[in-house]
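Read through the structure below, which is laid out as structure tokens, and then see the notes.
The values are calculated or read from the model by the stated rules, or taken from the named source; none is laboratory data. Model, not experiment: these values are computed from the prediction. Backbone-built Cβ (ideal geometry, glycine too); neighbour counts: all protein chains shown.
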Amino acid sequence: MTPKENAYETSSWLFIGPSKINGFGLFSRSSILSGAVIGQLGGIVMRTANKRTIQIDHHRHLCSDHIDFVNHNCHPSAYISVVSEAIVLNALEDIVGESDEITIDYNCSEYSLAERFMCRCCQNPNYVAGYEYLLQTYQRDYLRRINRFALPHLVQRARVD
């Protein structure tokens, strides 16, 4: 099954389609180069985390329709950044239109996930629990790899805790 089958449109260039990782995922109609902005995320800002949020600063979490379909991957194709008040989805690597799923590393989206889980992207599944869990379990190699695109307030909070 291709992403176009059973897919529905979320914008003129993004669409939701069947995922090889989990249920449905977010895809692009055209290819996106590494470093490019995929889009700005809008939604409801909340004070508490839930399984459908991304932590945008120490005490605020964004709930968005797009976030519901951005699946976790330990080797993601995208990352979230906060530029002024805008929450932006950026390409971490080249994304081939119509076929490559847009994914993020959930360990970079919340300091402590509201609902922890085992990843479905690796042959040997990893425990996904948030940035704090990586610190507590001394996963230095993983942290070194993701710190270049982890949300700054997560890295900053880790230095304080």
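The rows are residues; the columns are (1) of a type outside the set (Gly, Ala, Ser); (2) at negative phi; (3) out of contact with any Leu (no Cβ under 6 Å at 6 or more places or on another chain).
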{"residue": "ALA36", "(1), (2), (3)": "no, yes, yes"}
{"residue": "GLY43", "(1), (2), (3)": "no, no, no"}
{"residue": "ASP57", "(1), (2), (3)": "yes, yes, yes"}
{"residue": "CYS63", "(1), (2), (3)": "yes, yes, yes"}
{"residue": "ASP68", "(1), (2), (3)": "yes, yes, yes"}
{"residue": "ALA78", "(1), (2), (3)": "no, yes, no"}
{"residue": "ALA86", "(1), (2), (3)": "no, yes, yes"}
{"residue": "GLU98", "(1), (2), (3)": "yes, no, yes"}
{"residue": "ILE102", "(1), (2), (3)": "yes, yes, no"}
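Inspect the stretch 87-102 for any residue being within 21 Å of ASN22 (Cα to Cα), in contact with a Cys (Cβ under 9 Å, 6 or more places away or on another chain) and either exposed (fewer than 13 other Cβ atoms within 10 Å of the Cβ) or polar (S, T, N, Q) (or both) and give the result as yes or no. Checking the stretch 87-102: not a single residue is within 21 Å of ASN22 (Cα to Cα), in contact with a Cys (Cβ under 9 Å, 6 or more places away or on another chain) and either exposed (fewer than 13 other Cβ atoms within 10 Å of the Cβ) or polar (S, T, N, Q) (or both).
Within the stretch 117-134, residues that are within 17 Å of ASN50 (Cβ to Cβ) and β-branched (Val, Ile, Thr) reach partners that are surrounded by 19 or more Cβ atoms within 10 Å (Cβ to Cβ) and modelled with pLDDT of 90 or more with beta carbons closer than 9 Å, at six or more positions or on different chains, in the pairs VAL128/HIS72; VAL128/ASP105; VAL128/TYR106; VAL128/ASN107; VAL128/LEU113. The set of residues in the stretch 127-147 that are under 22 Å from GLU101 (Cα atoms) and surrounded by 18 or more Cβ atoms within 10 Å (Cβ to Cβ) comprises VAL128, ALA129, GLY130, ILE146.
Taking the criterion of being touching a residue at least 24 places away in the same chain (Cβ under 8 Å), charged (D, E, K, R) and closer than 17 Å to GLU85 by Cβ, the only residue of the stretch 24-60 that qualifies is ASP57. Taken across the stretch 25-38, residues that are at pLDDT below 90 and within 28 Å of TYR142 (Cβ to Cβ) do not occur at all.
Taken over the stretch 31-50, residues that are surrounded by 13 or more Cβ atoms within 10 Å (Cβ to Cβ), assigned to a loop (DSSP other than H, G, I, E, B) and of a type outside the set (Gly, Ala, Ser) amount to 0. Kindly indicate whether any position in the stretch 13-23 is modelled with pLDDT under 85, closer than 23 Å to ASP100 by Cα and surrounded by fewer than 20 Cβ atoms within 10 Å (Cβ to Cβ). Checked against the condition, which is being modelled with pLDDT under 85, closer than 23 Å to ASP100 by Cα and surrounded by fewer than 20 Cβ atoms within 10 Å (Cβ to Cβ), the stretch 13-23 yields at least one hit. Evaluating HIS58 against the criteria (1) out of contact with any strand residue (DSSP E or B) (no Cβ under 8 Å at 6 or more places or on another chain); (2) modelled with pLDDT of 90 or more leaves one unmet condition, (2). Scanning the stretch 111-147 for residues that are under 14 Å from the mean Cα position of the chain (by Cα) and hydrophobic (A, V, I, L, M, F, W, C) yields LEU113, CYS119, CYS121, VAL128, ALA129, ILE146. Would you check which residues across the stretch 93-110 are within 14 Å of the chain's Cα centre (by Cα), at pLDDT 90 or above and part of a loop (DSSP other than H, G, I, E, B) and list them? Listed by number, the residues that qualify are GLU93, THR103, ASP105.
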